[in-house]
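Just so it is clear, none of the values below were taken in a lab; they were calculated from the coordinates. None of the values given here were measured: they were computed from a predicted structure. Methodologically, a virtual Cβ is constructed for each residue, glycine included, from the backbone with ideal geometry; neighbour enumeration extends over all protein chains shown.
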Amino acid sequence: MLRPIRALDADAFLCSEWSGRLRIITYGRGIGGELVSQNQGVAVIGPDLVVLGDIKNCRVLEVYGEVRGTVGTEHLRVHPGGIILGPVKAGSAEVNGALTGEVTVTNLIAIGSQGRVTGRVRYGKLALAEGGELSAEVRNIPPQVSGDFQVAVRQGRSVRITLEDISAVDPDDTAQTLSFSVSRPVNGYIALSDAPSAPVERFSQADLEAGRVLFVHRGNDASPASFDVVVSDKAGATSGAPRTVKAAVIPPG
């Protein structure tokens, strides 16, 4: 069943509110739309249509016309003739039209031979086809640290740090090029499994994935222990302020 909707001068279209496929189209010189029961979270902006408003919470957004407003989508496709003017946040993007504004693409932004991107761009990975244009302040997306930031260690012993405890995430770096810096160790130190008595101040995501990173407790009591970490990538971008990993110390017995 089709249901008309208004498309021009809308405050916001929330793709997550639609149970089916939202296709925004033109009827002659007027504005209208239709709802087709398939592909939840997919919005298509038809040609010759200008949308003045925000489009958010989309799984896929296809733009053949023009959008003037904030865009939020998991995947963005700007087709030839399509235009977006405004801030964009997307998981990935394919641009064969025009994209202007402050653009953040977590993973890959692919600019095709007919694509043109201008403004400020932060990205995970970038692909630029011959003929495509990129006239922007371009920045690499910095790495992030995830995990529960907690370990448990027996008093005077060591524990292996796992990917559930801490892990680095960066779409355009490998495990070998993501480096952890260690600071402010309390009642213990970080070591690698092949030299457990030698404290280290750096280790890589590859070391973590190989199970080589240890926290070694040193102390005569079960007072809490901890250490701080910051991750940097090959471009020198960091995860920001240090994150504290807390170690619960289990007394002997």
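Less than 10 Å Cβ to Cβ from Glu137, Lys/Arg counted +1 and Asp/Glu -1: what total charge do the surrounding residues give? My count for the surroundings of Glu137 gives +2. By the rule of a C-alpha distance below 16 Å, with chain neighbours fewer than 8 residues away ignored, the aspartates and glutamates paired with Lys56 are Asp9, Asp11, Glu17, Glu66, Glu74, Glu102. Once the gyration tensor of the Cα atoms in the range 74-200 is diagonalised, the equivalent ellipsoid follows with semi-axes of 43, 13, 11 Å, ordered largest first. Gain on full extension, evaluated as 0.36 nm per residue between Arg160 and Lys246 minus their Cα-Cα distance, stands at 29.6 nm. The Cα trace of the range 144-250 gives Rg and Dmax of 13.1, 44 Å, the first to one decimal, the second as a whole number.
The amide H of Asp54, built 1.01 Å from its N in the peptide plane, has Ala12, Phe13, Thr70 as neighbours under 5 Å, considering only residues 5 or more places off or on other chains. 3J(HN,Hα) along the range 181-189: 9, 9, 9, 6, x, 10, 6, x, 7 Hz, from the Karplus curve 6.51 cos²θ - 1.76 cosθ + 1.60 with θ = phi - 60°, whole Hz, x for Gly and Pro.
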